[in-house]
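**Student:** The structure follows.
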Amino acid sequence: MSNYHIKHLEEYYQVYRKSVREPEKFWGEIAEEHFLWRKSWNKVLEWDFNKPEIKWFEGAKLNITENCIDKHLYRTPNKTAILFEPNDPNEAAEHITYKQLSERVNQFANVLKANNVGKGDRVCIYVPMIPELAIATLACARIGAIHSVVFAGFSSTALATRINDSDCKIVITSDGSYRGAKTIDLKGIVDEALENCAGVETVLVAKRINSDINMKQGRDKLLQPLLDKASKECIAETMDAEDLLFILYTSGSTGKPKGMVHTTAGYMVYTAYTFKNAFQYKENDVYWCTADIGWITGHSYIVYGPLANGATTVMFEGVPSYPDFGRFWEIVEKHKINQFYTAPTAIRALAKHGTELVDKYDLSSLKVLGSVGEPINEEAWHWYNDNVGKKKSPIIDTWWQTETGGIMITPIPYVTPTKPTYATLPFIGIQPALMDENGEEIKGNQVDGRLCIKFPWPSMARTIWGNHERYKETYFSAYENMYFTGDGALRDEVGYYRITGRVDDVIIVSGHNLGTAPIEDAINEHPAVAESAIVGFPHDIKGSALYGYVILKDSGENRNQDNLRKEINQIITEHIGPIAKLDKIQFSEGLPKTRSGKIMRRILRKIASNEMDNLGDTSTLLNPEVVQNIIDSRL
Ligand code: 6R9
């Protein structure tokens, strides 16, 4: 018997040891006993971090939707698979059973086929958090098309870049979306994006807000009439274990976004296994992850992981602040949520509004509280633990990445004793290492270094779409034979890990990864801007916020600086989206540079964070005098 469900700490250590000593045997057993395969594998694992090439379950044939849907049709056809909670609390929630999900996914899959989409084709999904988003994703998987979900808060420029990078021939979208009191014209954004996307032949449009939209003849089609006519049967495509399941873009520290490629079998096995254990999901539990499916958290822990376990997974369309800051807790009470998974930035935003709105609702159904996206600070951890969990629901601080596909370091609730701000122990099968600046592994406890992973795990990204060289360079070149995460971490006296944050130029704002380079590129497009540099600074709700140093072409004295600030944020909104707007914009005369011309972000970060007494040695700079000047004009 494989250890699919871990129930106590002894068992964790025992299973962990097994997973590390005999990884192939371990994962082979998990895969064999808990999933449907059309054909078994020839070999559980083949890997080479130098090429890099990683293959799990090679030779196996399967379809992930048979594991996420069909498998449950025999036993629990009438169980709710997806519980949709709309933006407006007065609109009824929608319970989609496994049987209904099966029919709707098949209909959608048939519509895709009728629109010339087949195995290996890329499909861009730009849909808000409505059931069609999950259904479209699964419909792609059903027919072997590769989905590329783009978060429906991204701008038209960001959308176009992603559509073109992966050559999507079809875009699925909606007329618009609801977000709190606002509506957003998504179709308009798509139309704008497609002016620069010659390869897109078809746009399928779901109706959500019933707005008047422009429909381009021959290209745009309303989805519902097509779905209504489509058959509810669709035989799943047979996929190889290593066939591509999806592409999901994430920000790098430089250059354009990276289309991380995830494949079928390993991703399925690992997300399902981590879901079961990290959330201790039990048969009739109702599980809610507040992320958007546009991020990896939504892919793995709203859609695939929960559905592979036959769970009830909640999809929430709205925002935590609408109609008031009690909305999350109202939903927890209403649907008797058992596992609740959110981000530190949301917790901090809610904590700011006191406990009254938490105490108003009955949260006694909660058994597990999750956190993801960025380090959770001590204050937020305690607020979450005291007021939401009432000190009886363990907090799992889950560390992982778009690239890792699934949770990597986390407590297992009711198994691993938690410690505030610590992600604690590696998940089963995960072998972390801390590295020093000379490329040596730092052994022992009470140490800190750069976080790497020594051995492959099933759900790791296999490449960057269209750029394997960049994949190698970014993740496998910093340290020999190691996957480099880009994060720093410390290991305490008992071997618990605490993630200390990025060690590269990625800034995490409200849990969203933002690379500095694309934002700087956008700002530099303003005709008055000569150069710019972005750094993060501590923010009590967002975790980090963005601070921009902008150098103007002329001295800028004749300009209205407030207008300039607005224009700069407008350009950023157009190029990337509102999430990348700068909180502070300082106009300065120069930027501190090394002799090789590199911007010394370390110094700019310190100034933005008001740590001026701790600037380090600035004498080796090309232009040391500029530092005082920047300090003097600090905001
Ligand atoms: C799942 C997800 C990945 C980066 C990662 C790290 C940060 C995520 C964290 C955390 C501290 C946690 N991060 N979870 N830092 N503690 N529990 O967020 O993926 O959007 O790719 O971000 O987020 O810096 O490297 P992604």
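**Student:** What number of residues in the range 522-546 are of a type in the set (S, T, N, Q) and within 27 Å of the chain's Cα centre (by Cα)?
**Tutor:** 1
**Student:** If we scan the range 280-289, do we find a residue that is closer than 25 Å to Ile541 by Cα, at pLDDT 95 or above, within 16 Å of the ligand (Cβ to nearest atom) and not basic (Lys, Arg)?
**Tutor:** Within the range 280-289, one or more residues are closer than 25 Å to Ile541 by Cα, at pLDDT 95 or above, within 16 Å of the ligand (Cβ to nearest atom) and not basic (Lys, Arg).
**Student:** Taking into account only those residues within the range 356-374 that are in a loop (DSSP other than H, G, I, E, B) and aliphatic (A, V, I, L, M), which is farthest from Thr410 (Cα to Cα)?
**Tutor:** Taking the range 356-374 first, the residues in a loop (DSSP other than H, G, I, E, B) are 360-367, 372-374.
Checking which are aliphatic (A, V, I, L, M) leaves us with 363, 366, 372.
Working: Leu363: 23, Leu366: 18, Val372: 10 Å.
Among residues in the range 356-374 that are in a loop (DSSP other than H, G, I, E, B) and aliphatic (A, V, I, L, M), the one farthest from Thr410 (Cα to Cα) is Leu363.
**Student:** I would also like to ask the following. Quick test for you: out of Thr238, Thr274, Thr264, Thr312, pick the one residue that is buried (at least 24 other Cβ atoms within 10 Å of the Cβ), more than 30 Å from Thr355 (Cα to Cα), among the hydroxyl-bearing types (Ser, Thr, Tyr) and away from the ligand (no atom under 13 Å from the Cβ).
**Tutor:** Thr264
**Student:** Another question, if that's okay. What are the residues in the range 375-407 that are among the β-branched types (Val, Ile, Thr) and outside any helix (DSSP H, G or I), if any?
**Tutor:** Ile376, Ile395, Ile396, Thr398, Thr402, Thr404, Ile407 - these are the residues of the range 375-407 that are among the β-branched types (Val, Ile, Thr) and outside any helix (DSSP H, G or I).
**Student:** Any residue at all in the range 599-614 that's over 14 Å from Val535 (Cβ atoms) and either crowded, with 18+ Cβ neighbours inside 10 Å or of a type in the set (Lys, Arg) (or both)?
**Tutor:** Checked the range 599-614: no residue is over 14 Å from Val535 (Cβ atoms) and either crowded, with 18+ Cβ neighbours inside 10 Å or of a type in the set (Lys, Arg) (or both).
**Student:** Under the condition of being free of Cβ contacts under 8 Å to residues at least 60 places away in the same chain and hydroxyl-bearing (Ser, Thr, Tyr), which residue from the range 152-176 is surrounded by the most Cβ atoms within 10 Å (Cβ to Cβ)? Even if it seems obvious, please write down each step before you answer.
**Tutor:** Residues of the range 152-176 that are free of Cβ contacts under 8 Å to residues at least 60 places away in the same chain, as a first pass: 159-160, 163-164, 167-176.
Narrowing the set further to residues that are hydroxyl-bearing (Ser, Thr, Tyr) leaves 173-174.
Numbers: Thr173: 30, Ser174: 25.
Residue satisfying both the conditions and the ranking: Thr173.
**Student:** Okay, moving on. Checking the structure you have, find out if any residue of the range 436-452 is in a loop (DSSP other than H, G, I, E, B) and under 23 Å from the mean Cα position of the chain (by Cα).
**Tutor:** no
**Student:** Yes or no: Met268 of a type in the set (A, V, I, L, M, F, W, C), more than 20 Å from Asp165 (Cα to Cα) and either touching a strand residue (DSSP E or B) at 6+ places or on another chain (Cβ under 6 Å) or in a loop (DSSP other than H, G, I, E, B) (or both)? Reasoning before the result, please.
**Tutor:** Details: of a type in the set (A, V, I, L, M, F, W, C): yes; more than 20 Å from Asp165 (Cα to Cα): yes; either touching a strand residue (DSSP E or B) at 6+ places or on another chain (Cβ under 6 Å) or in a loop (DSSP other than H, G, I, E, B) (or both): no.
So Met268 fails the test.
**Student:** For the structure I just gave you, tell me whether Tyr479 is crowded, with 20+ Cβ neighbours inside 10 Å, among the hydroxyl-bearing types (Ser, Thr, Tyr), at pLDDT 90 or above and within 30 Å of Asn438 (Cβ to Cβ).
**Tutor:** Spelling it out, it is not the case that Tyr479 is crowded, with 20+ Cβ neighbours inside 10 Å, among the hydroxyl-bearing types (Ser, Thr, Tyr), at pLDDT 90 or above and within 30 Å of Asn438 (Cβ to Cβ).
**Student:** Just to check your reading of the model, which residue among Ala423, Ala380, Ala351, Ala343 is within 16 Å of the ligand (Cβ to nearest atom) and without any contact (Cβ under 8 Å) to a residue 60 or more places away in the chain?
**Tutor:** Ala380
**Student:** Please go through the range 560-598 and give me each residue that is at pLDDT below 95, part of a loop (DSSP other than H, G, I, E, B) and surrounded by 14 or more Cβ atoms within 10 Å (Cβ to Cβ), ordered by number.
**Tutor:** Matches in the range 560-598: Ile576, Gly577, Ser588, Glu589, Gly590, Leu591, Pro592.
**Student:** In this structure, is Ala461 within 15 Å of the ligand (Cβ to nearest atom) and over 19 Å from Glu374 (Cα atoms)?
**Tutor:** Yes, satisfied.
**Student:** Out of (1) touching a residue at least 40 places away in the same chain (Cβ under 8 Å); (2) away from the ligand (no atom under 11 Å from the Cβ); (3) polar (S, T, N, Q), the odd one out for Thr418 is which?
**Tutor:** Condition (1) is where Thr418 drops out.
**Student:** If a residue must be at pLDDT below 95 and either crowded, with 21+ Cβ neighbours inside 10 Å or within 15 Å of the ligand (Cβ to nearest atom) (or both), how many such residues does the range 354-375 contain?
**Tutor:** The qualifying residues number 3.
**Student:** Only one of (1) out of contact with any helix residue (DSSP H, G or I) (no Cβ under 9 Å at 6 or more places or on another chain); (2) over 24 Å from Gly373 (Cβ atoms) is not met by Gly466, so which one is it?
**Tutor:** Gly466 satisfies all of (1) out of contact with any helix residue (DSSP H, G or I) (no Cβ under 9 Å at 6 or more places or on another chain); (2) over 24 Å from Gly373 (Cβ atoms) except (1).
**Student:** Something else now. Would you point out the residue of the range 187-215, among those that are surrounded by fewer than 12 Cβ atoms within 10 Å (Cβ to Cβ) and not acidic (Asp, Glu), that is farthest from Ala114 (Cα to Cα)?
**Tutor:** Asn210
**Student:** Right, next: Hand me the list of helices (runs of 4 or more DSSP H) wholly inside the range 123-239 holding 2 or more residues that are among the small types (Gly, Ala, Ser).
**Tutor:** Because the criterion is at least 2 residues that are among the small types (Gly, Ala, Ser), the helices (runs of 4 or more DSSP H) in the range 123-239 that meet it are 131-143, 156-165, 186-194.
**Student:** Considering only residues that are on the phi > 0 side of the Ramachandran plot and part of a strand (DSSP E or B), look in the range 492-549 and name the one that is farthest from the ligand (Cβ to nearest atom).
**Tutor:** Looking only at the range 492-549, we keep the residues that are on the phi > 0 side of the Ramachandran plot, and these are 495, 501, 510-511, 543.
Right, trim to part of a strand (DSSP E or B) and you get 501, 543.
Numbers: Gly501: 6, Gly543: 9 Å.
Within the range 492-549, the match that is farthest from the ligand (Cβ to nearest atom) is Gly543.
**Student:** A follow-up question, please. Checking the structure you have, find out if any residue of the range 104-116 is touching a residue at least 24 places away in the same chain (Cβ under 8 Å), in a loop (DSSP other than H, G, I, E, B) and of a type outside the set (S, T, N, Q).
**Tutor:** no
**Student:** Among the candidates Ile331, Ile347, which residue alone is closer than 21 Å to Ile96 by Cα, in a helix (DSSP H, G or I) and not aromatic (Phe, Trp, Tyr)?
**Tutor:** Ile331
Residue-by-condition table, conditions (1) hydroxyl-bearing (Ser, Thr, Tyr); (2) surrounded by 13 or more Cβ atoms within 10 Å (Cβ to Cβ):
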position: His8; (1), (2): no, no
position: Tyr12; (1), (2): yes, yes
position: Val20; (1), (2): no, yes
position: Pro23; (1), (2): no, yes
position: Phe26; (1), (2): no, yes
position: Glu32; (1), (2): no, yes
position: Trp37; (1), (2): no, yes
position: Asn42; (1), (2): no, no
position: Glu46; (1), (2): no, yes
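**Student:** Right, here's the next one. Closer than 20 Å to Phe537 by Cα, assigned to a loop (DSSP other than H, G, I, E, B) and out of contact with any Cys (no Cβ under 6 Å at 6 or more places or on another chain): does that describe Leu621?
**Tutor:** no
**Student:** For Asp487, indicate whether it is surrounded by fewer than 18 Cβ atoms within 10 Å (Cβ to Cβ) and closer than 22 Å to Tyr16 by Cβ.
**Tutor:** In short, no.
**Student:** Here's another thing I want to ask about it. Could you grab me the full set of residues in the range 93-151 that are surrounded by fewer than 21 Cβ atoms within 10 Å (Cβ to Cβ) and acidic (Asp, Glu)?
**Tutor:** Glu94, Glu103, Asp121
**Student:** Does Lys229 satisfy being surrounded by fewer than 21 Cβ atoms within 10 Å (Cβ to Cβ), away from the ligand (no atom under 16 Å from the Cβ) and closer than 29 Å to Ile296 by Cα?
**Tutor:** On the way: surrounded by fewer than 21 Cβ atoms within 10 Å (Cβ to Cβ): yes; away from the ligand (no atom under 16 Å from the Cβ): yes; closer than 29 Å to Ile296 by Cα: no.
So Lys229 fails the test.
**Student:** Could you tell me which numbered condition Ala433 fails, if it satisfies all but one of (1) under 17 Å from Val368 (Cα atoms); (2) away from the ligand (no atom under 15 Å from the Cβ); (3) assigned to a strand (DSSP E or B)?
**Tutor:** For Ala433, the failing item is (1).
**Student:** A further question on this structure: Among the listed residues Gly488, Gly466, identify the single one that is farther than 23 Å from Tyr270 by Cα and near the ligand (Cβ under 10 Å from one of its atoms).
**Tutor:** Sole residue among the options that is farther than 23 Å from Tyr270 by Cα and near the ligand (Cβ under 10 Å from one of its atoms): Gly488.
**Student:** Tell me which residues, restricted to the range 386-415, are more than 14 Å from the ligand (Cβ to nearest atom) and hydrophobic (A, V, I, L, M, F, W, C).
**Tutor:** Within the range 386-415, Val388, Ile412, Val415 qualify.
The values are calculated or read from the model by the stated rules, or taken from the named source; none is laboratory data. The structure displayed is predicted, hence computed values, not measured ones. In this analysis, Cβ positions are derived from the backbone assuming ideal geometry, glycine residues included, and neighbour counts consider all displayed protein chains.
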